[in-house]
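Colleague: Okay, here's the structure, questions in a sec.
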Amino acid sequence: MLIDTHAHLFYPNFNEDLEEVIKRAKDSGLDYIIVPATDLKTSEEVVELTKKYDFIYGAVGIHPHETKDWDNSLIEKIEALAMNEKIVAIGEIGLDYFYDFSPKEKQIEAFKAQIELALKINKPIIVHNRESDEDMMSVIRSYQDSGLKAQFHCFSQSFEHARELIKLNHLISFTGNITFKKQDSLRELISRLSLESIMLETDSPFMTPEPYRGQRNEPSYVKLVAETLADIHHLNIEDVARITSYNVFRMFGIGSKPGTSFTYKIRNSLYINITNRCNANCQFCDRNGESVISGYNLKMTKSEEPDASVYIKEIGDPKQFDEIVFCGYGEPTLRWDIVKAVAKYVKENEGRTRLITNGHGNLINKRDIAPELKGLIDVVSISFNSADPRQYSELMGLETRFFNEMISFAKDAKNYVEKVVMTVITMDEVNIERARKTVEEKIGAEFRVRQYF
Ligand code: SF4
Ligand SMILES: [Zn+2]
Ligand SMILES: [Zn+2]
């Protein structure tokens, strides 16, 4: 399930063998291709392509290179083309100060006018940016609260810009250049970004990935981009495909939201979606929102929560996984009996178990459950969140007594399991070093930081 979100299939170098290129894309496992136009003529061609091939979607708009004769009467024409059923965005549009094909003022004028159109017709934009970071960011910032959704294609800006754009709800995408030998800094940047904000693209016929560099690029090579992302994030290509495809659904509405998963596999671990309920209400948690993690939909109501036999059946032989992890968008100890029943099965069949919890299990179950971890759970991961009790309670929407509860559960759990790990996520307001000190010195647990933005 791979999607190439950026392929200019109307370029003349596809004239001879477009059918074969498209067939190769299909054969190599691509679900969809998005073809962004670059001017009015190619916008019309894109519309035709989307009519001819059911798995091709398109975007219409004027590329910055083509804006030297821009005048606002073009907007009506683009709008009319954008009304076609499978046109999912306005693009590609943006700024390019590397090539001097159009004056800056014209580029900015055309870019803004097309953003206004996208907002009017409620479609995202596909953004091209080269050597124009400063103006690009100031244009995008000026639309901060407008509801604008953008894909920043062939991303080459700084980590700080990536972080800012992602905070503004935009997504970024990478092409074959991430496979180039001299692109260590780009790969380093990618390693610091969550795949939840990334889409795949080829930018065909350009940006051909290794080992085909120097030849014409084509959508089937998107697999090489996906493999590189998988390598960087130590994931399987299936993980990358699933996560990035869901991002395409969120951005462009192509495909569909996956059905609820009771168990879900990431890398070689199997995660058990115990519940979507929680006693807390963390500011950073999407439990009440989409509840999609790594491309899996974890949303379920109380009445949909399965019993232990369903999980056990899906686990099968637990030895085939690195570990069985009790996790999800909810607090597993709310269904402690189910966790124990599943963990018992896993341990009896020589698997490994990990419980991810907020550490409030004793209060939730109105008894000391730590001794019950023994023999059932190998590792406990506790969300530590902050060393400051007041901040902790604000972040989690709970009273401060829950902070002490979490600390004492962590200390107690150490007596019954192999390892206790405590995690914080990187938020500007959280003092990571203070958290580390408290966890390592006062609790004596392992400390781990997770990126968040
Ligand atoms: S404790 Fe975990 S599941 Fe509960 S609201 Fe916070 S992040 Fe979400
Ligand atoms: Zn581009
Ligand atoms: Zn392009």
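Colleague: Tyr264 passes all but one of (1) touching a residue at least 60 places away in the same chain (Cβ under 8 Å); (2) assigned to a strand (DSSP E or B); which number fails?
Modeller: (1)
Colleague: For region 250-277, name all the residues that are crowded, with 21+ Cβ neighbours inside 10 Å and hydrophobic (A, V, I, L, M, F, W, C).
Modeller: Met251, Phe252, Leu270, Ile272, Ile274, listed by residue number.
Colleague: Here's a follow-up. Being within 16 Å of ligand 3 (Cβ to nearest atom) and either open to solvent by less than 10 Å² (accessible area, probe 1.4 Å) or of a type outside the set (Gly, Ala, Ser) (or both) narrows it down to one of Lys68, Lys86, Lys41, Lys26, so name that one.
Modeller: Lys41
Colleague: Right, Ile237: open to solvent by 30 Å² or more (accessible area, probe 1.4 Å) and not assigned by TED's automatic domain parsing to the domain that holds Tyr311 or not?
Modeller: It is true that Ile237 is open to solvent by 30 Å² or more (accessible area, probe 1.4 Å) and not assigned by TED's automatic domain parsing to the domain that holds Tyr311.
Colleague: Pull out all pairs, ordered by first then second residue, where Cβ-Cβ is under 6 Å, the residues are six or more apart or on different chains, the first lies in region 60-78 and is closer than 21 Å to Tyr99 by Cα, and the second is open to solvent by 10 Å² or more (accessible area, probe 1.4 Å) and at pLDDT below 95.
Modeller: His65/Phe101
Colleague: For region 321-372, which residues satisfy the criterion of being part of a helix (DSSP H, G or I), in contact with a Leu (Cβ under 9 Å, 6 or more places away or on another chain), open to solvent by less than 20 Å² (accessible area, probe 1.4 Å) and closer than 18 Å to Ala410 by Cβ?
Modeller: Residues satisfying the conditions are Pro332, Thr333, Val339, Gly361.
Colleague: Right, another one. Is it true that some residue in region 95-115 is under 26 Å from the mean Cα position of the chain (by Cα), surrounded by 16 or more Cβ atoms within 10 Å (Cβ to Cβ), assigned by TED's automatic domain parsing to the domain that holds Ile34 and free of Cβ contacts under 8 Å to residues at least 40 places away in the same chain?
Modeller: Scanning region 95-115 turns up at least one residue that is under 26 Å from the mean Cα position of the chain (by Cα), surrounded by 16 or more Cβ atoms within 10 Å (Cβ to Cβ), assigned by TED's automatic domain parsing to the domain that holds Ile34 and free of Cβ contacts under 8 Å to residues at least 40 places away in the same chain.
Colleague: How many residues does region 409-453 hold that are in contact with a strand residue (DSSP E or B) (Cβ under 7 Å, 6 or more places away or on another chain), at pLDDT 90 or above and either open to solvent by 30 Å² or more (accessible area, probe 1.4 Å) or part of a loop (DSSP other than H, G, I, E, B) (or both)?
Modeller: 11
For every residue, the table says whether it meets (1) among the hydroxyl-bearing types (Ser, Thr, Tyr); (2) away from ligand 1 (no atom under 16 Å from the Cβ); (3) part of a loop (DSSP other than H, G, I, E, B).
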{"residue": "Leu235", "(1), (2), (3)": "no, yes, yes"}
{"residue": "Ile243", "(1), (2), (3)": "no, yes, no"}
{"residue": "Tyr246", "(1), (2), (3)": "yes, yes, no"}
{"residue": "Thr275", "(1), (2), (3)": "yes, no, yes"}
{"residue": "Asn279", "(1), (2), (3)": "no, no, yes"}
{"residue": "Arg287", "(1), (2), (3)": "no, no, yes"}
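Colleague: Scan region 342-378 for residues that are closer than 27 Å to Val424 by Cβ and either outside the structural domain of Val420 (by TED's automatic domain parsing) or hydroxyl-bearing (Ser, Thr, Tyr) (or both) and report the count.
Modeller: The qualifying residues number 2.
Colleague: Can you tell me which of Thr426, Thr357 is of a type in the set (Ser, Thr, Tyr) and out of contact with any helix residue (DSSP H, G or I) (no Cβ under 6 Å at 6 or more places or on another chain)?
Modeller: Sole residue among the options that is of a type in the set (Ser, Thr, Tyr) and out of contact with any helix residue (DSSP H, G or I) (no Cβ under 6 Å at 6 or more places or on another chain): Thr426.
Colleague: Within region 183-234, restricting attention to residues that are of a type in the set (Gly, Ala, Ser) and without any contact (Cβ under 8 Å) to a residue 12 or more places away in the chain, which residue is least open to solvent (accessible area, probe 1.4 Å)?
Modeller: Ala230
The values are calculated or read from the model by the stated rules, or taken from the named source; none is laboratory data. Computed from a predicted structure; not experimentally measured. Heads up, the Cβs are rebuilt from the backbone with ideal geometry, glycines too, and the neighbour counts pull from every protein chain shown. These area figures cover heavy atoms from the full protein model, side chains too; ligands, DNA and RNA do not enter into them. Shrake-Rupley method; radii C 1.70, N 1.55, O 1.52, S 1.80 Å.
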